[in-house]
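Quick notes on the structure that follows.
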Amino acid sequence: FWMSNLNVTGGPPIGVTDVSPKRWGAPNAAMLEEKEVMRVANCLYPVHAMGYNWLQSNAVSAKKTAARIRDLIKSYQAHGHKCDKVILVTHSMGGILARALIHPEMGGLNDCVLGIYHSVQPVYGSAAAYKRVRSGVDGHLPAPAIIGNTGQDVTAVFANAPGPLELLPTPEYGHNWLKVQDRNGKTLAQWPATADVSAAPSDATNAVDMSGAPLGDIYTQEPENWWRLINPKWTNPAKKKFKGSSATKLVNERIADAQAFHAKIKNTFHAHTYASYAADAKNPTHGSVIYKIEPLSHADIHVNTAIAAAKESPLLWRLVSEDGTGDLIVSLKDQRRFKLKLLPPQDAGDGTVPSDYSAAKVKAAVHFVQTGYDHQGSYKADAVSVSMLYAMIKIANTAEGWKT
């Protein structure tokens with residue numbers, strides 16, 4: 001059984017039977033046998049694209065998409081076809097939507113899904129979402145132009161749309177992914193902190209308690225706390241009036257809803273799940289987000305010494321300003337100021353979703369761990385296309401009624 005090479009430069013066909021899946025990133029997976037292909041070959045496999053509004057919550061999209069899929073199944077049945085279940089093939093956030101689709105309180109579609117193949121799913125979010133709210137999307141590809149090159153542009157979208165907020169890291173992403181380092185690279189503080197950590201303030205009224213979860217430790221911190229997520233000055237560029245509420249209050253409620261959504265689906269994975277993702281050190285990704293101290297001028301070259309002498313926790317530094325591209329100005333209690341600069345990404349992944357922090361945490365029968373592609377272009381890679389075909393045949397073989 002063969003699949004045509006998808007490279008635009010052309011090339012020989014790619015064999016998929018009796019070939020070790022190690023070639024596509026799954027060294028421990030069983031080889032695909034010709035009899036498995038032949039068992040499921042005498043069947044139609046029509047492809048339907050299910051678009052959805054990425055700005056709305058995936059819980060809402062799940063209900064709408066589930067209804068469309070059920071109607072599609074009924075349509076095939078009405079035309080005399082045996083069609084009881086579908087195979088879902090996802091990309092990125094589509095993987096989160098697929099998990100919501102099979103959740104009993106959302107799409108409730110599990111009885112109609114034979115299996116799922118995920119590509120580059122941000123299973124428990126991605127720190128890139130935090131980074132982009134603070135400093136925009138890097139590069140000159142379509143994504144920066146659409147989502148925004150600066151924190152001001154991205155915040156205006158993310159703060160007012162439930163869907164993008166569901167890309168933020170969840171508690172399952174882990175602790176200590178947001179860090180601040182001194183000029184020598186020593187970590188001075190990190191969030192979400194281990195529970196029960198707090199600042200050691202000189203004034204008890206300034207204490208900042210840590211819960212160990214990103215919602216309270218990072219996302220909904222007060223505006224003057226420099227590590228917080230949302231800049232309230234950027235949330236409402238249209239200057240809309242909110243009766244009985246405020247833009248900041250509404251944003252915090254949306255973030256809490258996004259985290260509650262993930263709490264519901266955190267263990268929701270189809271029994272027949274296959275997943276591919278990039279773990280590519282040559283395509284650095286924000287698995288963690290690191291700010292590093294810099295002096296504001298040559299005269300402040302000894303800023304490390306000054307900060308150490310002040311004996312102030314980074315939780316007590318106050319935000320003076322941020323430029324929306326990654327530079328923050330913060331101050332000590334004595335009003336001494338310095339810069340915090342966002343460092344480039346340093347973790348393996350696909351440029352958007354880090355492998356170890358998120359993509360690898362999908363619960364799947366087979367993980368295809370790959371290199372050589374970026375997030376948006378994953379399905380242009382032969383390794384992804386072939387591993388998808390492998391998964392579809394394996395999933396199809398789990399259906400009842402095949403002749404052996």
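The values are calculated or read from the model by the stated rules, or taken from the named source; none is laboratory data. Quantities reported herein were computed from a predicted structural model and do not represent experimental measurements. Ideal geometry is used to build each Cβ from the backbone, glycine not excepted, and the neighbour counts take in all protein chains shown. We work out accessible area using only protein heavy atoms, side chains counted, and drop any ligands, DNA or RNA first. Shrake-Rupley method; radii C 1.70, N 1.55, O 1.52, S 1.80 Å.
Listing for the model above:
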item	result
Nearest-20 debye value, the chain charge dipole, Cβ charges on Lys, Arg, Asp, Glu	720
Gain on full stretching of the segment that runs from GLU222 to LYS243 - 0.36 nm per residue minus C-alpha separation	5.4 nm
Geometric extent, Cα atoms of the chain - Rg, Dmax (angstrom)	23.9, 80
Heavy atoms of GLU33 accessible to a 1.4 Å probe, total area in Å² rounded to 10	80
Positive minus negative residues near LEU215 (Lys, Arg vs Asp, Glu; Cβ under 15 Å)	-2
Descending semi-axes in Å of region 233-363, equivalent ellipsoid built from Cα gyration tensor	35, 26, 14
HN-Hα J in Hz across region 234-243 - Karplus 6.51, -1.76, 1.60, θ = phi - 60°, x for Gly and Pro	9, 7, 9, x, 7, 6, 5, 9, 10, 5
Sequence-distant lysines (8 or more away, or on other chains) whose Cα lies within less than 26 Å of LYS380	LYS22, LYS282, LYS361, LYS363, LYS394
Computed label-point distance, nm, for sites ARG183 and ILE146 using a 7 Å Cα→Cβ extension	4.3
Solvent-accessible ranking of PHE338, PHE269, largest area first, probe 1.4 Å	PHE269, PHE338
Residue-level accessible surface for LYS22, protein heavy atoms, 1.4 Å, Å²	140
Residues TYR76 and GLU105, FRET efficiency given R0 of 25 Å [Cβ-Cβ distance, rounded to 0.05]	0.40
Computed over region 339-404: relative contact order in percent, which uses C-alpha pairs under 8 Å that are six or more apart	21
Extension gain, ALA256 back to THR194 (0.36 nm per residue minus Cα-Cα distance, nm)	20.3 nm
Selection from VAL37, THR325, MET106 lying farthest towards where the dipole of the chain points positive, charges on Cβ	MET106
Shape parameters for region 46-160, alpha-carbon atoms, Rg then Dmax in Å	16.9, 54
Over the chain, relative contact order from alpha-carbon pairs under 8 Å, at least 6 apart, %	21
The chain, helix-only ellipticity at 222 nm - DSSP H runs n ≥ 4, -39,500 (n - 2.57), divided by all residues, nearest 500	-8000 deg cm²/dmol
Vicinal HN-Hα couplings computed from phi for region 340-350 (Karplus, 6.51 cos²θ - 1.76 cosθ + 1.60; Hz; Gly/Pro x)	10, 10, 6, 7, x, x, 10, 10, 6, x, 10
Under 5 Å, built H, 5+ apart or other chain: amide partners of ASN283	GLY349
Alpha-carbon spread of region 38-100, three principal axes, descending order, Å	39, 26, 15
Area of ASP153 that stays accessible when all protein chains are in place (1.4 Å probe, Å², to 10)	80
Long pairs among LYS64/LYS243; LYS179/LYS339; LYS131/LYS233; LYS131/LYS179; LYS63/LYS131, criterion Cα-Cα beyond 19 Å	LYS64/LYS243; LYS63/LYS131
Unit charges at the beta carbon, dipole of region 281-361: most positive-side option, ILE301, SER288, GLY349	ILE301
Estimated inter-spin distance, GLU294 and THR398, nm [label 7 Å along Cα→Cβ]	5.0
Under the Karplus curve 6.51 cos²θ - 1.76 cosθ + 1.60, θ = phi - 60°, whole-Hz ³J(HN,Hα) for region 174-180, x wherever Gly or Pro sits	x, 8, 6, 8, 10, 9, 10
Cut-off under 5 Å, modelled amide H: who pairs with LEU178 long-range	TRP191, VAL289
Region 302-366, relative contact order [Cα under 8 Å, separation at least 6], %	18
Reach of LYS239 by Cα under 15 Å, taken over aspartates and glutamates that are not fewer than 8 positions away in the same chain	ASP153
